[in-house]
Amino acid sequence: MKRPSLSLVVPVYNEEENLSILAGRLQEAVQGRDYEILFIDDGSTDKSFEVIRALAQKDQRVKCLRFRRNFGQTAAISAGIEMAEGDVIIPLDADLQNDPADVPRLLEKLDEGYDVVSGWRRDRKDKTWTRVIPSKVANWLISRISGVRLHDYGCTLKTYRKEVIKGVRLYGEMHRFIPIYAAWEGARVTEIEVTHHPRQFGQSKYGINRTVKVLLDLVTIKFLGSYATKPIYMFGGLGMLLCVAGAGFAGLTLYHKLALDIYVHRNPFVLLSIFLILVGMQLVMMGVLAEILIRIYHETRKRPVYSVREKVNISPAGE
Ligand code: UDP
Ligand code: MG
């Protein structure tokens, strides 16, 4: 069979009523293109897998990977990306909240010369207090901290060129941060508004606690992004700052002794000075350790520290 050019990646956890309708709408939306629909059954306990298997029997382009147990939406999307054969990868939710009819518009936008087109559920149909408002705050923070400004990181419906996301490792709730990784690698990222529907069948698997996880993931991302190649700058910088402050208090203690005749054992600043210098030195050492760790990390990933967009007069064999 010919390699498809478009891979639709659908994470599925207990969505039995939605799947047939979704498959139908997807097939309609991408009619005439070479596509594959990858369902990742994330350990559903209902009839989801049976439904997908029946769909796959009718259409070879429908494929399914079934997890042994529930590993979470990020793991499911990650597996789908890993498996995808298309040059363009589009993840979307299985619950019909994302609208397959938006797919052609996303592809058009991608053809304008972007590597990532993010969906923006401007009119989001979820619970206001536990979902929509926390998500607004989170999106604002993520945009500020990552420097990649998007209105809706949480929207699963996004479009990626394969080369900017193959090989990204996703942990926790991190599938929403793929555009950040991609942008950091030099990808051209944009967004368009997409339709969002209220959930008709089945239940949402998330509540407010996901926002907390997302914010913690953000700390990791920020650290990896800003300091992953040079951790010594952060640890070492902070450590040196503390050492300088410590030295300042040591000088103050000396001044107190010489000018005011206050003995060291009666001066609390001497303890502060020792404390700051010790902690400062520890931080510098931690920076050195982090440097060693990060080198091992990059070696094991076997990926260069740069990323190439095009090559001229350079044969692909040289890759
Ligand atoms: N999902 C999944 N594994 C999970 C939880 C959810 O694969 O552990 C899928 C789910 O079937 C749906 C998508 O992820 O296709 C989004 O889930 P949900 O609709 O519950 O999230 P919400 O739209 O409420 O953010
Ligand atoms: Mg949903």
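Being within 26 Å of Leu96 (Cβ to Cβ), away from ligand 2 (no atom under 16 Å from the Cβ) and of a type in the set (Asp, Glu) is a condition met by no residue of segment 148-165. Taking every residue in segment 56-76 that is free of Cβ contacts under 8 Å to residues at least 24 places away in the same chain and pairing it with any residue that is open to solvent by less than 100 Å² (accessible area, probe 1.4 Å), at least 6 positions away or on another chain, the pairs with Cβ-Cβ distances below 6 Å are Ala56/Val62; Ala56/Cys64.
Within segment 135-153, how many residues are open to solvent by 20 Å² or more (accessible area, probe 1.4 Å) and out of contact with any Gly (no Cβ under 6 Å at 6 or more places or on another chain)? Qualifying residue count, segment 135-153: 9. Remark: pairs (first residue in segment 285-304, under 19 Å from Gly225 (Cβ atoms); second residue acidic (Asp, Glu) and open to solvent by 90 Å² or more (accessible area, probe 1.4 Å); Cβ separation under 9 Å; 6+ apart in sequence or on different chains) are absent. Of the candidates Glu50, Glu82, Glu36, Glu108, the single residue that is at pLDDT below 95, more than 16 Å from ligand 2 (Cβ to nearest atom) and not small (Gly, Ala, Ser) is Glu82.
Among the listed residues Val103, Val10, Val30, Val62, which satisfies the condition of being closer than 20 Å to Thr156 by Cα, within 14 Å of ligand 2 (Cβ to nearest atom), open to solvent by less than 10 Å² (accessible area, probe 1.4 Å) and of a type in the set (Val, Ile, Thr)?
Result: Val10 is the single residue among Val103, Val10, Val30, Val62 that is closer than 20 Å to Thr156 by Cα, within 14 Å of ligand 2 (Cβ to nearest atom), open to solvent by less than 10 Å² (accessible area, probe 1.4 Å) and of a type in the set (Val, Ile, Thr).
Candidates are the residues of segment 98-121 that are under 20 Å from the mean Cα position of the chain (by Cα) and assigned to a loop (DSSP other than H, G, I, E, B); the one that is farthest from Ser204 (Cα to Cα) is Tyr114. The number of residues in segment 172-210 that are within 16 Å of the chain's Cα centre (by Cα), open to solvent by 30 Å² or more (accessible area, probe 1.4 Å) and within 16 Å of ligand 2 (Cβ to nearest atom) comes to 1. Listed by first and then second residue, the pairs with beta-carbon distance under 6 Å, at least 6 apart or on different chains, first residue in segment 91-107 and touching a residue at least 60 places away in the same chain (Cβ under 8 Å), second surrounded by fewer than 24 Cβ atoms within 10 Å (Cβ to Cβ) and of a type in the set (Gly, Ala, Ser), are Pro100/Ala29; Ala101/Ala29; Val103/Ala29.
Of the residues making up segment 220-236, not a single one is more than 21 Å from the chain's Cα centre (by Cα) and within 16 Å of ligand 1 (Cβ to nearest atom). When segment 65-98 is limited to residues that are of a type in the set (Asp, Glu) and open to solvent by less than 50 Å² (accessible area, probe 1.4 Å), the one that is farthest from Ala182 (Cα to Cα) turns out to be Asp95.
The values are calculated or read from the model by the stated rules, or taken from the named source; none is laboratory data. Just so we're clear, the structure is a prediction, and the values are computed from it rather than from any experiment. Glycine also receives a Cβ, built like all others from the backbone with ideal geometry; neighbour counts cover every protein chain displayed. Please note that ligands, DNA and RNA were not included when accessible areas were found on the heavy atoms of the full protein model with its side chains. Shrake-Rupley method; radii C 1.70, N 1.55, O 1.52, S 1.80 Å.
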